[in-house]
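Have a look at the structure below, then the notes.
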Amino acid sequence: MKTQKTELVLIMLLWTINCVNINRQDGVEELKKTSWGKITWSLSQLAFSGDSALKELADVLNSVTEQVKDLKHDHEFASDKAINVYFSKNEKLDLGIDETVTFIARNIDYLDSQMQNQIININKRLENLDSNVKENRKQLEYLTFTRQKQNEKFLDTLSQYEHMVAQVDMCIALLQGIFANEQFIQVDRIKIITRQIFAATMLIGGIDMKELLETTEQAKYTDTRVQKYILEAFNNLRKQFIDHKNSDIAYDAEQQKEYEDQKHQLDGELLIFKRDIAELIYNLSVTEEKIRQIKDDIESNKKDQEFYKKEKEYIINGNQIEEKWKAKLTQEYNNQLLSIEKAMNLISQPEFWARNDQITLNY
């Protein structure tokens, strides 16, 4: 009997040592204050009080069993809660990683397709507009050059007409002077004058001097009718020169108006081209800025993704540690419950209570 009770004491001592170790590991001071203290007191009373101490010990063991079960449940609940937190964080991290992967893939595809196409289209339109501007300037240069040549030719023709009018006026004055003195009429001189006028008109063109020339070649200059005819012919010639001059002036005015209209149209087209170019350059800068922002967002998402992955590793490691700690605590609590069960079985034996001798504990 003494051997059985001594065995019980040793079992309980080992169990209380385990309790102390657990308290040092997880900080559960309540166990030390209650169950361990009661068991120590009961064991010390066992050596001096006999059977009453054994009954007290049985009650304590039952109480401690419930406390150990409660502590086991509390620790398992806390561990499960921590594991659930890890699991929840892990799910959120997985979601964050999935979102970054989707964002990066979608925006890279957007950059490679739509944004790239926008850049290509804008550059093509800029090339076309640049070509249009060059063509417009060529047309404007050609128009200006042509108008300049027309103006030079007009001024030259105008000068010739003015010169011919002056020549005709001089011829008329000479003929009038010659015809006024019939005895001094010089036929050869009259012919020379008319031929000079004829030659000049041939250079200008557009005036028929043949009839006048034939008349002066065959005329009897002493005949007043012939003189009158010749003077009228020269006056008509003068009028033709003036009419041609005025006609050319009017035509030149039309040419100038047409030139100004065409130049105005080309200038307007050029302004439209320049406006479109400015708008495209602005759109290009906006598109490039958008591309830069998208690339920055992609890089930011890549950094977030790396952060999520590292955080996920930390969460997984923490979860594994918590799982191991939970398993260790559960095993230790199970060992304690097994030790208590052994003690309960021992003191439940009938012969255990047949105490004949006083037990003395040696501390």
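Taking Gln25 as the residue in question, decide whether it is surrounded by fewer than 16 Cβ atoms within 10 Å (Cβ to Cβ), touching an Asp or Glu at 6+ places or on another chain (Cβ under 8 Å) and at pLDDT below 70. Judged against the criteria, Gln25 is not a match. Arg137 fails exactly one of the following numbered conditions: (1) surrounded by fewer than 16 Cβ atoms within 10 Å (Cβ to Cβ); (2) closer than 19 Å to Ile242 by Cβ. What is the number of that condition? So the condition that Arg137 fails would be (2).
Residues are listed down the side, and each one gets a yes or a no for (1) over 23 Å from Glu258 (Cβ atoms); (2) of a type in the set (S, T, N, Q):
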{"position": "Val101", "(1), (2)": "yes, no"}
{"position": "Ile108", "(1), (2)": "yes, no"}
{"position": "Asp112", "(1), (2)": "yes, no"}
{"position": "Ile119", "(1), (2)": "yes, no"}
{"position": "Lys124", "(1), (2)": "yes, no"}
{"position": "Asn132", "(1), (2)": "no, yes"}
{"position": "Glu135", "(1), (2)": "no, no"}
{"position": "Glu141", "(1), (2)": "no, no"}
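Residue-level analysis places Lys149 among those that are at pLDDT 65 or above and either at positive phi or loosely packed, with under 12 Cβ neighbours inside 10 Å (or both). Of the residues Ile321, Ile315, Ile291, the single one that is assigned by TED's automatic domain parsing to the domain that holds Asp94, assigned to a helix (DSSP H, G or I), at pLDDT 85 or above and closer than 30 Å to Ile97 by Cβ is Ile321. Would you check if Asn121 is assigned to a helix (DSSP H, G or I), exposed (fewer than 11 other Cβ atoms within 10 Å of the Cβ) and not assigned by TED's automatic domain parsing to the domain that holds Gln262? For Asn121, the condition - assigned to a helix (DSSP H, G or I), exposed (fewer than 11 other Cβ atoms within 10 Å of the Cβ) and not assigned by TED's automatic domain parsing to the domain that holds Gln262 - is not met. Close Cβ contacts (under 9 Å, 6 or more residues apart or on different chains) running from residues in segment 44-69 that are surrounded by fewer than 16 Cβ atoms within 10 Å (Cβ to Cβ) to residues that are among the aromatic types (Phe, Trp, Tyr) and at pLDDT 70 or above comprise Lys69/Tyr333.
The values are calculated or read from the model by the stated rules, or taken from the named source; none is laboratory data. In this text, all values refer to a predicted model and were calculated from it rather than measured experimentally. Counting neighbours? That spans all protein chains shown, and the Cβs are built from the backbone with ideal geometry, glycine included.
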